[in-house]
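Worksheet: the structure to be examined is printed underneath.
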């Protein structure tokens, strides 16, 4: 299929939260203590909440920037594309990139909202979290119907409360929550603890996908403080196999047959090996470890419960039938540094050359629609949803970005992972 | 190729050290303080050294045992196959399994000898380590020439001394040292530190492969203490991608162009995805991270420096040309629980159906011979080296094992990872 004829829904992009986020959504009695943006003396814009300061890392908002200027320095709103934090501008950027619809993970709260969870005052934490979810569902996703797949943050510190929040946002049409790769490493009960059962019951009842983004365990893939940062960048996607294995062998899958997880930004090329590995592990060991999937193989069980996705993954495309043609979605990763925006359609068309149209349609948009109970065609015809049609609407939209002011940042070439500690983790 | 016609060299098996190991090799002045075996009141045989007690885990010596009896309990020598610790019996087991030659990683010292390194008296530690290496090279590998690929333990606490030891054993024909996935997690300088340069210089000079076994970082892939043990079993091979990334992006590869590493028991099916990932990481990020391979791609560099291996890996076999047909070796993993001994040739023949003979020969033995500078055909003709010929020599050899005495062990079904802490790690 030609790039211009694709219909593309991305199941993994990111919103950089605008300073006005809480204005219309936080109850008055918490307004003074809600997260807010301030400008540092270095000229960066940072969020402050509960005594913590959280910068927006440059590398996480590089859309439009030349690669020579990538880096981990904190940035300011006027140094990044408005499409990262302004929904009208975002839709223009999506059009320019040929993207029909997009699911957006959070930035400053962390992928599972742990910045909010850290507040000792749990009433405050819950008010802030609900305000965030209302903003995300009603405002960010609601302004341009059919363009944003709504997604909510979880209440990590209280599974019953989390279940209530899932039901609350589901009533507004939100069928995705972002969750952590590993609650145990964040200091909460593990996936193997019954603590989370109320949440799992709620997501099953409400047809909500638990979307687990790489890097959400609170542990970066850091081999050593003096390792080059390239090591961590390489390892992050495969690291999500830990969450996949943790959940696949857990009681959760067995007790909640309707539960569904998405391995967000996890890539796909490693999945066929992983599925062989779990089946071999089952074959060699289940007689003494006691694993029992009712006579089925773990690889079969995986395909019922896990959605995978890729940005551009030649091996995953070749092995798509080993993964499961219904288990693969596409992602853009705008505005992060792994993204090929605005040229992602051309990149995908090249990687997927020779894939039959019906299979490619499943990967580019149909699987995302089905897993996330999302129907953009209720708002826009298929004909108007192709890459070519969307780009025609964006004619003249500038996709470049102003270069950093010279000298504002020290050059970060050759950076080691030790410099990242406590900074880029989400 | 039929299973009986294969010629099989395994690059990853294990020796369970016999109680007499040090008798002929430790200098008299250290004899009293050398590691020794004692019987516990529970009926297990354990090694003691430097105040530590190290059991032989049942799961690591299950060759011949029915899967219902697998478990992590400590065992005794009379409960495991003599082939695990007696070289004459080992060769009979190899013959019965159709295995021409085998490289054997250590058991009780840990994969990188950290049990020895832990001794405060470094003169004692060095004497013990040298005795071990002399035993392994002269006795274990030397008794049946052409059947065992010799391998030495490293001196972790002194890179200069380690280089001397590499040169000393290389003079005896040993072209492999076993090393850790990550020296930093063991408390030593990381792969990125110049500390190790004398060692890298020695292995390049002496044509020695640095063989890195999964699980040698001192960190198990434990997601949570209450996770089922199946999670860890699944994850261990892919976890070695951390070492691969750590080394590939390091200065070691750039400064020592002749250096070679083996990713032992790491599997292969994930490698094509990994290579795409490192090339994409290079493409997207090298302009700001400063990585420079002299114009080449990291995937090309990987194929010059890394040997991979598999037990039975259908995905790896299909993608063998993406991995590199010269970069794949076969392993048996005798006597561990992932092994299919004595039926491994049949398993491989099935997985490799359709692979041309010349490619299969590289995987089954030619790559192992070339990487490890090892020539079994100096001692035995090709015709006498096939699976069929070796098995004919083993006619009548019993490959079963006596069942555990009933009640000696509590049943370990449903075991959680927390029970493993400090026990199965190597």
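The values are calculated or read from the model by the stated rules, or taken from the named source; none is laboratory data. Since the model is a prediction, treat every value here as computed from it, not as a measurement. Neighbour counts are summed over all protein chains in view; Cβ atoms, including those assigned to glycine, are modelled from backbone coordinates with ideal geometry.
Looking at (1) at the interface with chain B (Cβ under 10 Å from one of its Cβ atoms); (2) more than 16 Å from the chain's Cα centre (by Cα), which is the only condition residue A:311 fails? Condition (2) is where residue A:311 drops out.
Each row is one residue, and each column tells you yes or no for (1) under 22 Å from the mean Cα position of the chain (by Cα); (2) assigned to a loop (DSSP other than H, G, I, E, B); (3) more than 21 Å from residue A:128 (Cα to Cα); (4) without any contact (Cβ under 8 Å) to a residue 40 or more places away in the chain.
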| position | (1), (2), (3), (4) |
| --- | --- |
| A:43 | no, yes, yes, no |
| A:48 | no, no, no, yes |
| A:54 | yes, no, no, no |
| A:59 | yes, no, yes, no |
| A:68 | no, no, yes, yes |
| A:72 | yes, yes, yes, no |
| A:83 | yes, no, yes, no |
| A:89 | yes, no, yes, yes |
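When the test is whether a residue is within 17 Å of residue A:127 (Cβ to Cβ) and surrounded by 19 or more Cβ atoms within 10 Å (Cβ to Cβ), residue A:57 does not pass it. In summary, residue B:372 fulfils each of the numbered conditions (1) under 30 Å from residue B:251 (Cβ atoms); (2) surrounded by fewer than 24 Cβ atoms within 10 Å (Cβ to Cβ) with the single exception of condition (2). Scanning segment B:147-167 for residues that are part of a helix (DSSP H, G or I) and under 21 Å from residue B:371 (Cβ atoms) yields a count of 5. Tell me whether segment B:324-338 contains one or more residues that are surrounded by fewer than 20 Cβ atoms within 10 Å (Cβ to Cβ), away from chain A (no Cβ under 14 Å), touching a helix residue (DSSP H, G or I) at 6+ places or on another chain (Cβ under 8 Å) and within 28 Å of residue B:69 (Cβ to Cβ). Among the residues of segment B:324-338, not one is surrounded by fewer than 20 Cβ atoms within 10 Å (Cβ to Cβ), away from chain A (no Cβ under 14 Å), touching a helix residue (DSSP H, G or I) at 6+ places or on another chain (Cβ under 8 Å) and within 28 Å of residue B:69 (Cβ to Cβ), which makes the answer no. Here residue A:156 qualifies as buried (at least 23 other Cβ atoms within 10 Å of the Cβ), more than 22 Å from residue A:24 (Cα to Cα) and free of Cβ contacts under 8 Å to residues at least 60 places away in the same chain.
Residues that are within 18 Å of the chain's Cα centre (by Cα) and over 17 Å from residue B:287 (Cα atoms) were ranked within segment A:221-235; the one that is modelled with the lowest pLDDT is A:221.
Considering every residue within segment A:346-355, establish whether at least one is away from every other protein chain (no Cβ under 14 Å), over 24 Å from residue A:234 (Cα atoms) and in contact with a helix residue (DSSP H, G or I) (Cβ under 8 Å, 6 or more places away or on another chain).
Step one: of segment A:346-355, the residues away from every other protein chain (no Cβ under 14 Å) are A:346, A:349, A:352-355.
When the remaining residues are screened for being over 24 Å from residue A:234 (Cα atoms), the result is A:353-355.
After this cut, where a residue has to be in contact with a helix residue (DSSP H, G or I) (Cβ under 8 Å, 6 or more places away or on another chain) as well, the list is A:355.
The answer is yes, given that some residue of segment A:346-355 is away from every other protein chain (no Cβ under 14 Å), over 24 Å from residue A:234 (Cα atoms) and in contact with a helix residue (DSSP H, G or I) (Cβ under 8 Å, 6 or more places away or on another chain).
Checking each residue of segment A:189-205 against the condition of being at pLDDT 95 or above and under 18 Å from the mean Cα position of the chain (by Cα) gives at least one match. For residue B:279, are the conditions met, namely being within 11 Å of chain A (Cβ to nearest Cβ), touching a helix residue (DSSP H, G or I) at 6+ places or on another chain (Cβ under 9 Å) and under 19 Å from residue B:294 (Cβ atoms)? Here the answer is yes, as residue B:279 does meet what is asked. Of all residues in segment A:219-276, those satisfying the criterion of being at the interface with chain B (Cβ under 7 Å from one of its Cβ atoms) and touching a strand residue (DSSP E or B) at 6+ places or on another chain (Cβ under 6 Å) are A:226, A:249, A:267. Filtering segment A:111-138 to residues that are at negative phi and in a loop (DSSP other than H, G, I, E, B) leaves A:111, A:112, A:118, A:119, A:120, A:121.
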